[in-house]
1. Could you tell me what percent of the accessible area of the stretch 1-127 is made up of carbon and sulfur, with a 1.4 Å probe and every protein chain present?
2. Could you give P(r) for the stretch 166-254, binned at 10 Å from zero, as whole percent values over all Cα-Cα pairs?
3. Based on alpha-carbon atoms only, what is the radius of gyration of the stretch 38-81 relative to the globular estimate 2.2 N^0.38 Å?
4. Is there a quick way to get the dipole size of the stretch 116-211? I mean about its Cα centre, with the Cβ of Lys and Arg at +1 and of Asp and Glu at -1; what is the value in debye to the nearest 20?
5. Note down the nm distance, to one decimal, between modelled labels 7 Å out along Cα→Cβ at ALA235 and at ARG265.
6. Just to be sure I understand: if I project the alpha-carbon convex hull of the stretch 181-231 onto a plane and average over all orientations, what area do I get in nm²?
7. Express the relative contact order of the chain as a whole percentage, based on alpha carbon pairs under 8 Å and six or more residues apart in sequence.
8. Remind me, relative contact order of the stretch 47-137 in percent, using alpha carbon pairs under 8 angstrom and six or more residues apart?
Amino acid sequence: MKTIFFCPMWGMENLSYSEAAKRVKAVGYDGMEISAGPDKRKEATQVMHDNGLDLILMAFGGGSDFAEHKKKYHDDLLDIASYKPMFINAHTGHDYFTFEQNAELIQTAADVEKQTGVRILHETHRGRFSYSAPAIQYYLLKLPNLRLTADYSHWVNVAESYLSDQAQNVNRAIAVSDHIHCRVGHPEGPQVNDPRAPEWKDALESHAKWWDAIRDRHQKANAPALTVTCEFGPAGYLPTLPYTQQPVASQWDVNVFMKDYLKKRWKV
């Protein structure tokens, strides 16, 4: 089974897509995951193609009420799918929408997927329908075709724990997680300041075991590939020093470390 590593455009907005693609390819990534507006999607797709990189595009809702949110979500998904990315990683719904409303959005994504043939995964993320391990359980039970992007760092933050008392909840999610965001969270935040630091050894291992389980599931299913985005965020998401706002670590170095760490761990 091939493991395909992606670098986020998040944090490299000061670079052109071409500059970012060359930098990403030079250190051994296989592709990029990009949140591109309607006016940038064609360029992002072309640049990735020209540089021999795979592409994941991201989708979001928006608007002041549910009806407006749903329309924007549907229109965005349809437009993004027209560029034929490897798949779409969607930030779906809101934690304050009802189950019925969020389920309607999930069905909207399923309809677009069926219409276009482009796979759509729903990221586990604070503020979305999938904001915590307990909150997502009813969706997993009622919507058996739901497929996820696993970013469990958010759940660790929401629960203020490494979820050791929620193994069943996490295992249900692992069973339907098809893409990994390998960010490491901790009980008081969605991102440790530097996963290379010895004080975060247990946090890194807690997350890595979940990623191992997702990979094992793919291997047992004879899946052709597993995709992983190394998605530690930039300053602001990455802790900064007071007054100067200087980030306490390099986002770029941390994400390259995560790629190399998993390549070594998985012997790929």
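The values are calculated or read from the model by the stated rules, or taken from the named source; none is laboratory data. Please read all numbers here as calculations on a predicted model, not as lab measurements. For neighbour counting, all protein chains shown are included, and Cβ atoms are generated from backbone atoms with ideal geometry for every residue, glycine included. The accessibility values were calculated without ligands, DNA or RNA, using every heavy atom of the protein model including side chains. Shrake-Rupley method; radii C 1.70, N 1.55, O 1.52, S 1.80 Å.
1. Summing carbon and sulfur atoms, their accessible area is 51 percent of the total for the stretch 1-127.
2. Spelled out bin by bin, the stretch 166-254 gives 15, 42, 29, 12, 2, 0 percent.
3. Details: Rg = 12.9 Å, N = 44, 2.2 N^0.38 = 9.3 Å.
Ratio of Rg to 2.2 N^0.38 Å for the stretch 38-81: 1.39.
4. Using only the charged Cβ atoms, the result is roughly 440 debye.
5. Between ALA235 and ARG265, the label points sit 2.9 nm apart.
6. 3.8
7. Numbers: 464 pairs, mean separation 45.9, N = 268.
17 percent.
8. It rounds to 27 percent for the stretch 47-137.
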